[in-house]
Structures are given as structure tokens and as C-alpha cells.
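Following: one structure in C-alpha cells, then a few remarks.
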Amino acid sequence: MLLVRVVTRKASFPPVVGAHTRLLLLGSLPGEASLRAERYYAHPQNQFWRLIGAVIGREELNQLDYTERLALLAAAGVGLWDVVADAVRLGSLDGAIRDHRPNDLAALVGTLPSLRAIGFNGATASRIGRKMIASTTELELIDLPSSSPAYTLALSEKRLSWFRLRQFVGHSPRFGS
């Protein structure tokens, strides 16, 4: 008996940006948990919300409601998107991405007059994204260690790299003060 595994194309979410976005963080393609939840970085072990929370001075960001997280990112001038528009991928690992179609990063960047830097969340995001925009922009392009639980660098070491982003964000006032 021949078993055929059907793998459908998986698609990224729309960008989360605004007129005051100064820093755009680009991932590769949402993983299974994020696709199911229909929100960025939904896997409970993904360290994204802890990392970016530390960058914007909101250590508790990972504990807040998703809508509030996005509002605080917007207030700090941080936008989110992915470099891959859609692809065939079995599971969530970047190494399994096949037959990808990139998002039009150059077009998005052209709509963000306050943008100063782009951070690539992981090697795959950097490899794909830099090919698309490195020669067309004078923005600061920053490679970051992946926030994925599959990338086993210690959180403290990831934080040191992610802190390079602080110069591009506005720090939100402390919640409740």
C-alpha cells in the first residue's frame, strides 16, 4: 500500500506595521502553532516575546494579551512580517521550507517613511531577506539569533544580540505607571 502525504502551501500573515514603524522584524514563515492560532510567534516555547519585550523595556510582554502585545510594539515603533509569502513545508522547521515565494519586502519598505532598520529573526530570514533588499536600501540590516526553540543558544546570549535593536525603538512607559 502506497501512502501519499499531502503537504499544502503555508502562507505568512499580513505585515503588522504603521506609519511610525522604525524597526521591522522579519521572520521566515509562521510555524504550525502560529498558523493554528493565527498570530505571530504563538508557540509557547518561542522566545520572541521575551526578547522583544526586553528590547522595548517591557519584560512582561510575553504575559500580555496578543492584541496588547501588538499595540505595545506599535507604540515602540516595531513592525512584524515574514520574508516568505508562502511555501511548501512539512512541520515548522525552516530547513523544511520548499518552493517558497518571497514577500515583496522592497514594496513594504517603500511605504514606511520612518523605517531605520530591519532585523532578521534567524538565518533563513536573513538569507532570503537580504537577497531581496540588501542592494536596494541604506537601512541598517541586523542578523539576529533565531527566537525559535529549535535554535538552542541560551536566552541570555540571544538577548545580548537582540539588545542591538534598542537604538531603533522608542521605549514604552511602564504598564500601569
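The values are calculated or read from the model by the stated rules, or taken from the named source; none is laboratory data. Because the structure is predicted, anything quoted here is derived from the model rather than measured. Ideal geometry is used to build each Cβ from the backbone, glycine not excepted, and the neighbour counts take in all protein chains shown. The area values use the complete protein model at the heavy-atom level, side chains included, leaving out ligands, DNA and RNA. Shrake-Rupley method; radii C 1.70, N 1.55, O 1.52, S 1.80 Å.
Structure notes:
- Filter pass, Ser135 being modelled with pLDDT of 90 or more, assigned to a helix (DSSP H, G or I), out of contact with any helix residue (DSSP H, G or I) (no Cβ under 6 Å at 6 or more places or on another chain) and among the hydroxyl-bearing types (Ser, Thr, Tyr): no
- Selection status of Arg22, among the charged types (D, E, K, R), touching a Leu at 6+ places or on another chain (Cβ under 7 Å) and open to solvent by less than 20 Å² (accessible area, probe 1.4 Å): no
- Each residue in region 43-63 was checked for being of a type outside the set (S, T, N, Q) and touching a residue at least 24 places away in the same chain (Cβ under 8 Å), and 11 of them qualify.
- All positions within region 118-139 that are closer than 23 Å to Gly170 by Cβ and crowded, with 18+ Cβ neighbours inside 10 Å: Ile118, Gly119, Phe120, Asn121
- Looking only at region 140-159, and only at residues there that are open to solvent by less than 70 Å² (accessible area, probe 1.4 Å) and in a loop (DSSP other than H, G, I, E, B), the one that is modelled with the lowest pLDDT: Ala150
- Some residue of region 65-83 being exposed (fewer than 13 other Cβ atoms within 10 Å of the Cβ) and either under 20 Å from Ser12 (Cβ atoms) or touching a Phe, Trp or Tyr at 6+ places or on another chain (Cβ under 8 Å) (or both): yes
- Test: Asp86 is open to solvent by 50 Å² or more (accessible area, probe 1.4 Å) and of a type in the set (Asp, Glu): no
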